[in-house]
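Everything below concerns the one structure shown next.
What follows draws every value from the coordinates through simple rules; no lab data is involved. The model shown is predicted, which means the values in this text are computed figures rather than measured ones. Cβ placement follows ideal geometry from the backbone for every residue including glycine, while neighbour counts extend to all protein chains displayed.
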Amino acid sequence: MRLLITGIIVFLILFYFYLIWPRLSRKRQIRPFLHTMFAHRGYHCIEKGIPENSIPSFRAAISHGYGIELDVHLTSDGKLVVFHDDDLSRICGRPETIESLPLKELQSCRLQNTNETIPLFTDVLSLVGGQVPLLIELKIPKSSLGICEKTWEILKNYNGPYMVQSFNTLGIWWFRRHVPHVLRGQLSSNLTADHLPEPWILTFVVKHLLGNVLGRPDFISYKLADLPMFEVWFLKHILHLPVAVWTLRTPDALKKWKNGIMICRYSRKRTLTINFVKNVNIP
């Protein structure tokens, strides 16, 4: 009986590590992204009339040499737009979701009471033109993966450096299955504490990176405030997997990160830093 119990425990431990195991064969390809500071939703500052995920915010990021983190949604008529939230209420003062409206109606909305409109993903790519690296978050409602195919249709003709990431593990799985050469990352945080509408078991799986068995990500992107997490520590410290952290909101926070405070246990040698620059002065 003791031998049986020991065997079960060993099996469960090995199975657990099998679930969280990433892809480790793309470290050379991801190396150019290391030490890159990404402007989260662009280099935005609403006090200066530059809303998040807008053309001016991306132009400002390019001029300062920052990489760009952005979010893409699929509209009701199959167009890819750059927008963070699932609905328009916070940014545009309307209750509808992005997926429920066509492009023409979405582009009539104004971002944060400015004259800026919701940009097309293709327009952002034309603006960036490979000048800085991109970190593209796929906003995937439920299990609809049409956005993955649409994103790849556009990205396959883009020559600049980029990586994709998503909270939805199925999106990462789609890229693993259909375009495995694209660098992909699993986004996560302490989702079980956020009272999300998704089933608790799904948020638990994503929080603890158990879905890596499907997506086999090349990097992990985790909310800094929710660290440390054993899974992140193991992937980072033992397997030397690149880890992105979000978000650093001020120069002081960035200085603390560079000095190893808060997550000093993770070697900076292989860490991607996503810097939220909205509170930093923009000339």
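At 18 angstrom or more along the helix axis (alpha-carbon based) and mean Kyte-Doolittle of 0.5 or higher, what helices does the chain contain? Whole DSSP H runs only. Intermediate values should be presented prior to the final figure.
On the way: long enough: 2-20 (28 Å, 2.42).
Passing helices, by number: 2-20.
Close amide-amide hydrogen proximity is noted between Ile50 and Cys45, each under 5 Å apart and 5 or more residues distant or on a separate chain (H modeled in the peptide plane; Pro and chain starts excluded). Phi-derived couplings, Karplus 6.51 cos²θ - 1.76 cosθ + 1.60 at θ = phi - 60°, listed residue by residue for the stretch 220-229: 10, 10, 10, 5, 4, 5, 9, 8, x, 10 Hz, with x used for Gly and Pro.
Peptides 161-170, 233-242 ordered by packing proxy, namely the average of other Cβ atoms within 10 Å per residue, highest first: 161-170, 233-242.
For the peptides 87-95, 40-48, 9-17, 119-127, the ranking by mean Cβ contacts within 10 Å, running from highest to lowest, is 40-48, 119-127, 87-95, 9-17.
Given their separation in residues at 0.36 nm each and the Cα-Cα distance between them, His195 and Ser63 gain 43.7 nm when the chain is fully extended. Simple rule: put +1 on each Lys or Arg Cβ and -1 on each Asp or Glu Cβ in the chain, find the dipole, and look at Gln112, Val82, Phe33; the Cα lying farthest toward the positive end is Phe33. Ranked by how many other Cβ atoms sit within 10 Å of their own Cβ, fewest first, the residues Ser188, Ser25 fall in the order Ser25, Ser188. Here the relative contact order of the stretch 1-125, from alpha carbon pairs under 8 Å that lie six or more residues apart, stands at 19 percent. Taking each residue as 0.36 nm, the span from Met1 to His240 lengthens on full extension beyond its C-alpha to C-alpha distance by 82.3 nm.
Rounded if a/c is under 1.5, else prolate if a/b is larger than b/c, else oblate: which is the stretch 56-176, with a ≥ b ≥ c the root eigenvalues of its Cα gyration tensor? The shape class here is oblate. Of all aspartates and glutamates in the structure, those lying under 18 Å Cα to Cα from Lys207, and not within fewer than 8 positions of it along the same chain, are Glu137, Asp194, Glu198, Asp218, Asp226, Glu231.
For the stretch 124-215, the normalised intensity computed at q = 0.13, 0.14, 0.18, 0.21 Å⁻¹ comes to -0.46, -0.53, -0.81, -1.02 (log10 of I(q)/I(0), Debye sum over alpha carbons, equal scatterers, no solvent).
How big is the dipole moment of the chain about its Cα centre under a simple scheme where the beta carbon of each Lys and Arg is +1, that of each Asp and Glu is -1, and everything else is neutral? Debye, nearest 20, please. Provide the component values of the computation, followed by the final result.
Working: 34 positive and 22 negative charges, 278 e Å.
Roughly 1340 debye for the chain.
Put simply, the stretch 107-148 fits an ellipsoid with semi-axes of 21, 19, 9 Å; these come from the alpha carbon gyration tensor as the roots of five times its eigenvalues, largest first.
Taking the Cα centre of the stretch 91-217 as origin and assigning +1 to Lys and Arg Cβ atoms and -1 to Asp and Glu Cβ atoms, the resulting dipole is close to 360 debye.
What 222 nm value per residue comes from the helices of the chain, counting each DSSP H run with n ≥ 4 as -39,500 (n - 2.57) and dividing by all residues, nearest 500 deg cm²/dmol? Let's see the in-between values first.
On the way: 12 runs with 92 residues, N = 283.
Roughly -8500 deg cm²/dmol at 222 nm, from the helical runs in the chain.
Compute the Cα gyration tensor for the stretch 167-233, then decide on rounded, prolate or oblate, letting a ≥ b ≥ c be the square roots of its eigenvalues: rounded whenever a/c is under 1.5, prolate when a/b is larger than b/c in the other cases, and oblate in all that remain. Note, shape of the stretch 167-233 comes out oblate.
What fraction of the DSSP beta bridges in the stretch 26-107 is antiparallel, stated in percent and rounded to the nearest 5?
On the way: 5 of 8 bridges.
Here the share of antiparallel DSSP bridges comes out near 60 percent.
Rg and Dmax of the stretch 20-77, based on Cα coordinates, read 15.1, 44 Å.
Could you tell me what percent of the DSSP beta bridges with both partners in the chain are antiparallel, to the nearest 5? All intermediate terms of the calculation are to be shown ahead of the outcome.
Working: 6 of 36 bridges.
Around 15 percent antiparallel, to the nearest 5.
From the residues Ile46, Leu103, Leu14, which one has its Cα farthest along the dipole of the stretch 1-134 in the positive direction, the dipole being from +1 and -1 charges on Cβ of Lys/Arg and Asp/Glu about the Cα centre? Of the options given, the answer is Leu14.
Using every pair of separate Cα atoms, the Kirkwood estimate puts the hydrodynamic radius of the chain at 19.6 angstrom.
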